[in-house]
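What follows is a short report on a single structure.
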Amino acid sequence: MNTQSPWMTAEYEGLRDQFRRFLDSELKPHAARWRDQRMVDRSAWAAIAGMGALCPAVPEEFGGSGADIYQEILLLDEMCRRVPEVASGYSVHSGIVGHYVLNYGTEDQKRRWLPKLCSGEWVGAIAMTEPGGGSDLQALITRGRRDGDDYVIDGQKTYITNGIAADLVLTAVRVDGTPGAKGISLIGVETGASEGFRRGRSLEKIGLHASDTAELFYDGARAPVANLLGGVEGQGFYQMMEQLPRERLLLAVSAVAAMEHAIDITTAWVRDRRAFGKTLFDFQTISFRLAELATEARIGRVFLDDCIVKLAESRLDTVTASMAKWWCSEHQVQTIDACLQMWGGLGYMAESEIGRMYMDARIQKIYGGPNEIMKLLITRAL
């Protein structure tokens, strides 16, 4: 499927072709090994940075490429198709951590952190989820207290993408026990210099095997007061809420890219695979189902493009972003399941691309806010 987005230009097409060639030649050959070792090589981050694709929206003065939102989305979309093993960690590093620092960081924080994130010298993570809760951020219990020029942090985080590799972890902390949203701050923990910070086990997932996911422990972990994101206590919850529409749109981008790619490789498969003297595509039950899936993917792409334009114009609201995250992730799972069926037994093999896509897709309905929460947010606006 080749759906042309209305915002696509010849310049963007050239960028996409260049990035696609880079992914195919430099990253894709290592994908199987990264899945086996449950982690992307450190050198991959530097290679992506060399293409100007790591935190691309960061201005050049801080080490980035100064890309617009369309270029940023295009890079993520292509990575989700060509090397999905890197995509989730990349999205967190570039699409979330980089943007938090850029939008809320003090001038000092931007100059200290952004060049290292843009160059791949540092890998970024954000730590919100705790063992006792995920969606209810106001209930988090990780505590921070002021001790001279440091914050001392005690608590535990889990399911943290890039947790093993991370050099900078934006950690959601309740400062001085202040209840509710007003007590939450984001503190940048520099893992190589933080006494009391330690990583737990690398968590074994049913999918996304190349994306490292970890438990993090803060046992009197120290971070300088200068690492309080934005420099003002109590802003963390509002910072996270303000970024959610954008983060949920990124999940919708990956969902639609996966839908389209699954349809592409499955169409090629059924056109080649023969049974009872003809190709699988010649069976109407197969071709009609693909027609349905292609139509649904086109609907998803059109909706997604509308959201991308709204985001570029600062008009993307929480409800619309929630709709995009819910609809696209639900249909991603349904589409890939239907495609896998057409591959027969091969589709269930770990060696098959469609099988891996099936396992990777399931988390999309959970992270970034479970789809039940998306429907709750939509319902409130009715």
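Rounded to the nearest 10 square angstrom, Phe283 shows an accessible area of 60 square angstrom against a 1.4 Å probe. Estimated at 0.36 nm per residue, the fully extended path between Leu203 and Arg246 surpasses their Cα-Cα distance by 12.8 nm. Evaluated with a Cβ-only charge set (Lys, Arg +1; Asp, Glu -1), segment 166-253 carries a dipole of roughly 200 debye about its Cα centre, given to the nearest 20. Which of Ser287, Ser314, Ser88 ends up with the largest GNM mean-square fluctuation for the chain, with Cα atoms connected below 10 Å? Maximum among the listed residues: Ser314.
In a Gaussian network model over the chain where Cα atoms closer than 10 Å are linked, find which of Gly95, Gly66, Gly14 has the largest mean-square fluctuation. Among Gly95, Gly66, Gly14, the largest GNM mean-square fluctuation belongs to Gly14. With Cα atoms defining each centre, segment 304-353 and segment 40-107 are spaced 21 Å apart in the structure. Here the Karplus relation 6.51 cos²θ - 1.76 cosθ + 1.60, evaluated at θ = phi - 60°, turns the backbone of segment 297-311 into coupling constants of 5, 5, 4, x, 5, 5, 4, 4, 4, 4, 5, 4, 4, 4, 5 Hz, with x for every Gly and Pro. The packing ranking, built from the mean of other Cβ atoms within 10 Å per residue, places the peptides 220-230, 45-55 in the order 45-55, 220-230, highest first. Length gained on full extension, Gln138 to Lys182: 15.0 nm, using 0.36 nm per residue less the C-alpha separation. If R₀ is 30 angstrom, what is the calculated FRET efficiency for the pair Arg271 and Ala10, using the beta carbon separation as r and rounding to 0.05? Efficiency, from the Cβ-Cβ distance: 0.45. In this structure, Leu376 and Ser25 have a Cβ-Cβ separation that, at R0 = 35 Å, corresponds to a calculated FRET efficiency of about 0.20. The residue list Ala312, Met79, Gly196 was ranked by how far each Cα lies along the charge dipole of the chain toward its positive end, using unit charges on Cβ atoms, and Met79 comes out on top. Between Glu313 and Ala226, the simple spin-label model (points 7 angstrom out along Cα→Cβ) gives 4.3 nm.
Compared with the direct C-alpha span, the chain from Asp108 to Gln284 gains 57.1 nm at full extension, assuming 0.36 nm per residue. Considering only Arg201, Arg82, Arg356, the mean-square fluctuation computed in a Gaussian network model of the chain, springs between alpha carbons under 10 angstrom, is largest for Arg201. In this rough spin-label picture, where each label sits 7 Å from Cα along the Cβ direction, the Ile299-Arg146 distance is 5.4 nm.
Residue ranges 147-159, 357-369 sort as 357-369, 147-159 when ordered by packing (mean number of other C-beta atoms within 10 Å per residue, highest first). Note on the chain: Lys pairs 8 or more places apart or on different chains, Cα atoms under 19 Å apart, count 6.
The values are calculated or read from the model by the stated rules, or taken from the named source; none is laboratory data. Keep in mind the model is a prediction, meaning the values are calculated, not measured. As a convention, Cβ positions derive from the backbone with ideal geometry for all residues, glycine included, and neighbour counts pool all protein chains shown. Accessible surface is based on the protein model in full, side chains and every heavy atom, while ligands, DNA and RNA are left aside. Shrake-Rupley method; radii C 1.70, N 1.55, O 1.52, S 1.80 Å.
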